[in-house]
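**Q** Shown below is the structure under consideration.
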Amino acid sequence: MTWFDIDGQLYDEGGVSEKSLVAAGAVGWNTEQEAEAHSQPTNPALSLVTMDLSAFHQGNQDVNAAGSLVSDATAIPGFIQRLQEGSLWVRVAEIGLGAILLIVVASAVLKPATSAVKNSPAPKLASMVAK
């Protein structure tokens, strides 16, 4: 657990809550006394996270928009970083080629075989047998 002092309000958080506070710019401390000695002012992102934490600790777990907003904001740089990886584009190319292959095979299987029927000897044999 990590201690945070934001505008005189103490928070003892761990896990996702701790990561949300740190992502919003809060500095955590090992003990309550250290946190009280290093109180920090709030900023807009910290306001959102602390509002979410207060609602969560009061039992209102439906109010999660602020925390998800902060986690979404920190997810964007990670998403952009993953777009620059070569393995992602190899996988995209594999999926694209697989989709094209499926379309070609499906069109060949589902296409009426009119040209094959016209050129086959079966109608000629049937007409000869009928005579």
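**Q** For segment 5-60, enumerate the residues that are among the small types (Gly, Ala, Ser), farther than 27 Å from Pro77 by Cβ, out of contact with any strand residue (DSSP E or B) (no Cβ under 9 Å at 6 or more places or on another chain) and modelled with pLDDT of 75 or more.
**A** Of everything in segment 5-60, just one residue is among the small types (Gly, Ala, Ser), farther than 27 Å from Pro77 by Cβ, out of contact with any strand residue (DSSP E or B) (no Cβ under 9 Å at 6 or more places or on another chain) and modelled with pLDDT of 75 or more, namely Gly8.
**Q** So which of Leu83, Leu125, Leu102, Leu69 is more than 30 Å from Asp5 (Cβ to Cβ) and either among the small types (Gly, Ala, Ser) or at pLDDT below 65 (or both)?
**A** Details: Leu83 fails: either among the small types (Gly, Ala, Ser) or at pLDDT below 65 (or both); Leu102 fails: either among the small types (Gly, Ala, Ser) or at pLDDT below 65 (or both); Leu69 fails: more than 30 Å from Asp5 (Cβ to Cβ).
After applying the criteria, what remains is Leu125.
The values are calculated or read from the model by the stated rules, or taken from the named source; none is laboratory data. Remember, predicted model here, so these are calculated numbers, not experimental data. Every residue, glycine as well, gets a Cβ built from its backbone with ideal geometry; the counts of neighbours run over all protein chains shown.
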